[in-house]
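Undergrad: Attaching a single structure in structure tokens format; questions to follow.
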Amino acid sequence: MKPFKSHKGLIATLDRSNVDTDQIIPKQFLKSIARTGFGEALFYDWRYLPDKKPNPDFVLNAPRFKGASILVARNNFGCGSSREHAVWAIQQYGFHAVIAPWVERGETKIPAFADIFRNNAGKNALLTIELSESEVEEIFQMVERFPGLEATVNLEHQRVTLHLAEEISFHFDMDPAVKDRLINGLDDIGLTLKKDAEIRAFESRHTAQL
């Protein structure tokens with residue numbers, strides 16, 4: 001897969017929590033055996049009216065978000081079923097990174113992303129960034145105040161920077177193994193091939209019958 005080190009792009013905001021994978025890519029689009037063509041179906045039930053015309057009330061259809069490549073949403077993004085198509089749809093629409101907050105409610109910590117979605121994203125070079133609730137709220141406010149706001153997500157330095165007159169930056173944590181995978185463009189096959197010498201040595205010591 002393509003390495004991910006840094007990306008600069010327009011921010012789009014989706015002010016919803018608990019966006020599940022059936023909302024990201026509805027089940028009727030999962031019949032394809034190819035890994036292409038899912039971008040048009042992203043958020044299909046929200047993006048389109050019953051006559052299949054764009055829904056003017058859905059935020060991502062707003063002209064100011066055309067060409068956005070960084071998506072900011074609320075907590076528990078990607079919950080629901082384990083469909084990998086959700087990640088493909090987000091990428092094929094044009095997003096390179098998704099930012100969401102972890103939220104504390106009493107003694108409960110609600111994650112920014114559902115586990116399976118986050119794992120699928122890491123295997124497909126979609127960067128998922130978890131920030132605090134207050135940091136994400138600040139991004140929402142800045143996007144509202146400054147139409148056309150762009151940001152840079154830098155994986156090497158684990159930083160999101162909003163390109164305002166006075167730039168604002170947020171640090172994010174990242175699992176070292178996932179960071180290495182993304183920076184070096186290693187999918188599961190690529191990770192296996194890093195052990196190519198050991199695999200060949202093992203095979204040379206064992207007969208085909210075994």
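The values are calculated or read from the model by the stated rules, or taken from the named source; none is laboratory data. Worth saying up front: this structure is predicted, and the values here are computed from it rather than measured. We place every Cβ from the backbone using ideal geometry, glycine too, and count neighbours over all the protein chains shown.
Undergrad: Of the residues that sit in segment 140-160 and are touching a Phe, Trp or Tyr at 6+ places or on another chain (Cβ under 8 Å) and not basic (Lys, Arg), which one is farthest from residue 7 (Cα to Cα)?
TA: Only one residue tops the list, namely 158.
Undergrad: Return the residues of segment 30-82 that are polar (S, T, N, Q), at pLDDT 95 or above and in a loop (DSSP other than H, G, I, E, B); say none if nothing qualifies.
TA: Passing the criteria: 55, 69, 75, 76.
Undergrad: If you check residue 166 against the conditions, is it over 25 Å from residue 22 (Cα atoms) and surrounded by 13 or more Cβ atoms within 10 Å (Cβ to Cβ)?
TA: no
Undergrad: Determine if segment 93-104 includes at least one residue that is β-branched (Val, Ile, Thr) and either over 12 Å from the mean Cα position of the chain (by Cα) or surrounded by fewer than 19 Cβ atoms within 10 Å (Cβ to Cβ) (or both).
TA: Yes: one or more hits.
Undergrad: Please tell me if residue 118 is in a helix (DSSP H, G or I), more than 20 Å from residue 32 (Cβ to Cβ) and not β-branched (Val, Ile, Thr).
TA: Against the criterion (in a helix (DSSP H, G or I), more than 20 Å from residue 32 (Cβ to Cβ) and not β-branched (Val, Ile, Thr)), residue 118 qualifies.
Undergrad: When you go through 149, 164 one by one, which is the residue that is more than 17 Å from the chain's Cα centre (by Cα) and either among the β-branched types (Val, Ile, Thr) or closer than 14 Å to residue 12 by Cβ (or both)?
TA: Within the list 149, 164, the selection yields 149.
Undergrad: Suppose we keep only residues that are in contact with a strand residue (DSSP E or B) (Cβ under 7 Å, 6 or more places away or on another chain) and surrounded by 18 or more Cβ atoms within 10 Å (Cβ to Cβ) within segment 12-46. Which one would you say is nearest to residue 75 (Cα to Cα)?
TA: Per the stated criteria, the residue is 19.
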